[in-house]
1. Name the single residue that is nearest to ligand 1 (Cβ to nearest atom) among those in the range 297-337 being buried (at least 16 other Cβ atoms within 10 Å of the Cβ) and charged (D, E, K, R).
2. Listed residues ILE134, ILE107; which is farther than 30 Å from ARG242 by Cα, part of a helix (DSSP H, G or I) and at pLDDT 90 or above?
3. Just to be sure, is ILE319 of a type in the set (A, V, I, L, M, F, W, C), in a loop (DSSP other than H, G, I, E, B), within 16 Å of ligand 2 (Cβ to nearest atom) and in contact with a helix residue (DSSP H, G or I) (Cβ under 8 Å, 6 or more places away or on another chain)?
4. Given the criteria of a type in the set (S, T, N, Q), touching a helix residue (DSSP H, G or I) at 6+ places or on another chain (Cβ under 9 Å), away from ligand 2 (no atom under 14 Å from the Cβ) and at pLDDT below 95, does SER295 qualify?
5. Quick one: would you say ARG288 is outside any strand (DSSP E or B) and near ligand 1 (Cβ under 9 Å from one of its atoms)?
Amino acid sequence: MKLRTILQLAFVFIALLAMGLSAFIAFSGGRNMAEQLVAATVILSLASFAGLATSRHITHPLADLARSIEDFGAGDLSQRANSSSANEICDLARSFNRMADTLATKIAERQQVEEHLHLSRTQFRDLSAHLQRIREEERARIARDIHDDLGQCLTTLKLDLALLYQDTPEHAAVVRQKVREMLQLVDGTINSVRRIITELRPRLLDDLGLTAAIEWQTADFQKRTGIPVSLSVYPREIILDRDRSTVLFRVLQEALLNVVRHAAATAVSVSLTDIDGKVEFEVRDNGRGITKEESGHCTSFGLLGIRERAESLRGAASISGTPGEGTVLTITFPTTDEEAHA
Ligand SMILES: Nc1ncnc2c1ncn2[C@@H]1O[C@H](COP(=O)(O)OP(=O)(O)O)[C@@H](O)[C@H]1O
Ligand SMILES: [Mg+2]
């Protein structure tokens with residue numbers, strides 16, 4: 001029944017009641033009290049019936065609709081309004097139900113896309129970590145091979161040349177000069193090979209541990225560039241597994257390389273702490289300061305690599321700069337896998 005019809009009927013009903021009541025009062029002038037009471041009760045019952053009918057067709061459906069909207073808004077996407085009768089409130093309920101269906105479908109689709117995205121992101125992170133590990137193993141193997149084969153050959157060559165130099169008579173000055181030059185060349189090559197091996201995989205990292213490797217790397221940077229580096233490590237000996245040590249070492253290398261290439265800095269400070277199961281590593285320079293665009297740019301592969309490495313350890317990286325004041329790179333991650341899953 002239409003809402004308008006219900007209201008009209010209720011209105012007519014109340015008008016009839018009023019008329020009936022007036023006629024009754026006029027007519028019952030001479031009747032006794034009991035009859036008047038019975039008539040009044042009948043009229044009041046009819047009025048209550050009119051109230052109930054109005055409530056059944058208007059108030060209840062409206063309250064039901066309001067409840068459904070509220071529950072849906074609170075997150076219960078299965079919530080639908082009752083739309084079984086045929087007035088405007090039910091039309092409203094049906095419209096709400098249709099809207100709820102569309103919204104629920106869209107939300108479900110979005111959730112699916114988000115789940116896919118999350119899954120791809122996790123897979124991408126795992127793949128990246130896997131590739132980094134393989135790369136490190138490969139570098140370590142190449143470093144070992146160069147050391148064992150090339151290093152061995154160069155050492156033998158150097159010894160032979162030294163013998164040749166000793167056995168060459170004084171008067172063969174040209175030959176002696178040539179051999180001397182060859183010796184210098186071999187020395188230079190031995191140094192280059194050492195540098196390449198160290199860059200591939202610093203033996204210090206495996207032999208003496210993370211703290212020593214970081215000390216060596218910062219001292220080497222200072223020697224090569226003339227930029228002073230202050231280093232603070234707390235506690236003094238930080239022992240991390242191979243993956244974590246490698247990540248820290250590679251991040252330090254990339255950060256220092258960026259300082260030389262982009263920062264125009266005159267001082268760098270590096271700090272490493274391992275407190276309450278959390279490693280915090282910071283490289284700070286006093287250069288021109290990286291901009292937001294530079295740090296977030298999709299071709300900033302060095303910084304992207306740093307973020308990926310941190311995330312592969314269930315940690316995070318942040319890099320920010322202040323114009324003219326410098327750049328701060330921070331990475332944090334849990335000390336162990338147990339901490340990561342705690
Ligand atoms: N310490 C720094 N100070 C100022 N700018 C920096 C610093 N580190 C990085 N940048 C800027 O961020 C960009 C992205 O760095 P990165 O991803 O390492 O790439 P790349 O070093 O190959 O250019 C750099 O090109 C540079 O403009
Ligand atoms: Mg770089």
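The values are calculated or read from the model by the stated rules, or taken from the named source; none is laboratory data. No experiment lies behind these values; they were computed from the predicted model shown. Neighbour counts run over all protein chains shown; Cβ positions are idealised from the backbone, glycine included.
1. It comes out as ARG307.
2. Values: ILE134 fails: farther than 30 Å from ARG242 by Cα.
Every option except ILE107 fails the conditions.
3. Details: of a type in the set (A, V, I, L, M, F, W, C): yes; in a loop (DSSP other than H, G, I, E, B): no; within 16 Å of ligand 2 (Cβ to nearest atom): yes; in contact with a helix residue (DSSP H, G or I) (Cβ under 8 Å, 6 or more places away or on another chain): yes.
Considered against the rule, which asks whether it is of a type in the set (A, V, I, L, M, F, W, C), in a loop (DSSP other than H, G, I, E, B), within 16 Å of ligand 2 (Cβ to nearest atom) and in contact with a helix residue (DSSP H, G or I) (Cβ under 8 Å, 6 or more places away or on another chain), ILE319 comes out as no.
4. Working: of a type in the set (S, T, N, Q): yes; touching a helix residue (DSSP H, G or I) at 6+ places or on another chain (Cβ under 9 Å): yes; away from ligand 2 (no atom under 14 Å from the Cβ): no; at pLDDT below 95: yes.
Taking the combined requirement at face value, the residue does not satisfy it.
5. Numbers: outside any strand (DSSP E or B): yes; near ligand 1 (Cβ under 9 Å from one of its atoms): yes.
Judged against the criteria, ARG288 is a match.
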